[in-house]
Amino acid sequence: MTNYIQANTDGKLHPADKPSISPLNRGFLYGDAIYEVWRTYDGIVFAWDEHWQRLERSARALDMALPLTQDELLKQIKRTVSAFCRKTGERPELYIRLQTTRGAGAIGLNTLLADKPSYVLLVQTLKVLTPEQVARGIKLGLAKSLHRNHPDALNPLWKTGNYLNNILCLREAIAAGAEEVVMTNLAGEITESAVSNIGFVRDGVLHTPPLSAGMLEGITRAAVLGPIANAAGVKVVESTIRPEELASFSECFLTGTTREVHPVNAIDDVRFTIGPGTVTAKLQTAFADYVRAYVKRHKKLRVLPRAPKPVVTTT
């Protein structure tokens with residue numbers, strides 16, 4: 001698997017390790033940026049409209065103009081993917097990241113100092129979890145010294161370029177021996193992990209914190225709580241969940257674009273059931289069916305060229 005990352009800065013293709021933005025770019029200086037991540041299945045961009053619509057919501061919330069239309073973005077993604085394939089000679093499933101910023105300008109917090117919106121596209125090989133990693137599950141740790149930022153301060157619904165809150169909470173959990181973090185809000189209610197939403201199972205029912213607790217409105221979360229849970233015959237309840245309730249749940253899992261539905265084996269000292277026969281396993285199966293149906297319906301979203309068929313000669 002190649003580690004090469006192909007970049008596209010405002011239409012200019014280049015290796016991602018080469019400088020491309022001004023030191024005065026507000027995304028670099030102030031985190032004045034928003035972003036989205038897509039992935040491919042069978043070379044087709046998954047949840048294309050859903051991620052774009054969330055990007056638009058983030059832009060409106062920050063009063064930030066987008067530098068590309070949705071159609072223009074798809075064209076630039078195809079250009080960037082083609083450059084990646086030419087450079088690497090490979091056609092793996094892809095991780096696609098778009099970051100847009102308010103632009104560059106004179107130093108200062110005033111947004112009127114920005115010149116024009118700018119973007120950077122990154123394309124790399126998707127780092128897929130192995131079957132062994134999924135089967136083992138992931139261990140989480142509760143962040144205790146810091147909390148999720150309050151929606152009335154910097155709303156986690158906005159997918160901004162400022163991830164310091166998540167980074168510091170994750171750092172605390174990793175230092176305590178976990179692989180991921182569980183963040184609580186200022187009221188002590190569970191919200192999400194650093195890069196994924198979280199769900200729990202009790203008596204066969206899926207429980208998850210409501211968006212009002214303060215979290216990102218995950219694209220995979222919405223699919224799992226909606227058509228996927230429905231297909232799996234799983235009832236869904238959105239309600240406040242506190243750390244002291246963790247032992248009352250039999251299962252836990254994370255949802256996200258790259259993690260899909262990922263079982264959790266423990267949060268600190270509280271252990272959860274994983275494996276065949278669990279509600280999480282049913283959701284994983286239903287999610288795989290959902291993806292296959294999506295790919296079948298969205299052939300026009302193919303960005304990864306198919307490998308050429310071998311030439312068969314006869315003698």
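Of note:
- Of the strands (runs of 3 or more DSSP E) lying entirely inside the stretch 1-114, the ones with 3 or more residues being under 27 Å from I219 (Cα atoms) and either of a type in the set (D, E, K, R) or touching a strand residue (DSSP E or B) at 6+ places or on another chain (Cβ under 7 Å) (or both) are found at 6-9, 33-41, 94-101.
- Boolean, E56 is within 20 Å of the chain's Cα centre (by Cα), surrounded by fewer than 15 Cβ atoms within 10 Å (Cβ to Cβ) and not small (G, A, S): yes
- Residue list for the stretch 1-29, filter: within 19 Å of N162 (Cα to Cα) and touching a Ser or Thr at 6+ places or on another chain (Cβ under 9 Å): I21, S22, N25, R26, G27, F28
- Residue within the stretch 37-52 that is closer than 24 Å to Y163 by Cα, surrounded by fewer than 19 Cβ atoms within 10 Å (Cβ to Cβ) and β-branched (V, I, T) present: yes
- Residue within the stretch 157-168 that is more than 30 Å from Q76 (Cα to Cα) and either crowded, with 16+ Cβ neighbours inside 10 Å or not polar (S, T, N, Q) (or both) present: yes
Condition check ((1) among the hydrophobic types (A, V, I, L, M, F, W, C); (2) more than 23 Å from K127 (Cα to Cα)) across all residues:
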| residue | (1), (2) |
| --- | --- |
| M183 | yes, yes |
| L225 | yes, yes |
| G233 | no, yes |
| T240 | no, yes |
| E260 | no, no |
| P263 | no, no |
| D269 | no, yes |
| F272 | yes, yes |
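- For the stretch 135-168, the set of residues classified as in a helix (DSSP H, G or I) and under 17 Å from the mean Cα position of the chain (by Cα) consists of L164, N165, N166, I167, listed by residue number.
- Residue list for the stretch 76-98, filter: closer than 24 Å to R54 by Cβ, in contact with a helix residue (DSSP H, G or I) (Cβ under 8 Å, 6 or more places away or on another chain) and surrounded by fewer than 19 Cβ atoms within 10 Å (Cβ to Cβ): none
- Here L146 clears all of (1) touching a helix residue (DSSP H, G or I) at 6+ places or on another chain (Cβ under 8 Å); (2) surrounded by fewer than 20 Cβ atoms within 10 Å (Cβ to Cβ); (3) not assigned by TED's automatic domain parsing to the domain that holds I267; (4) not small (G, A, S) except the condition numbered (3).
- Inspection of the stretch 220-229 identifies at least one residue that is over 30 Å from L73 (Cβ atoms) and not β-branched (V, I, T).
The values are calculated or read from the model by the stated rules, or taken from the named source; none is laboratory data. Since we're looking at a predicted model, the values are computed, not measured. All Cβ positions, even for glycine, are placed from backbone atoms using ideal geometry, and neighbour counts span all protein chains on display.
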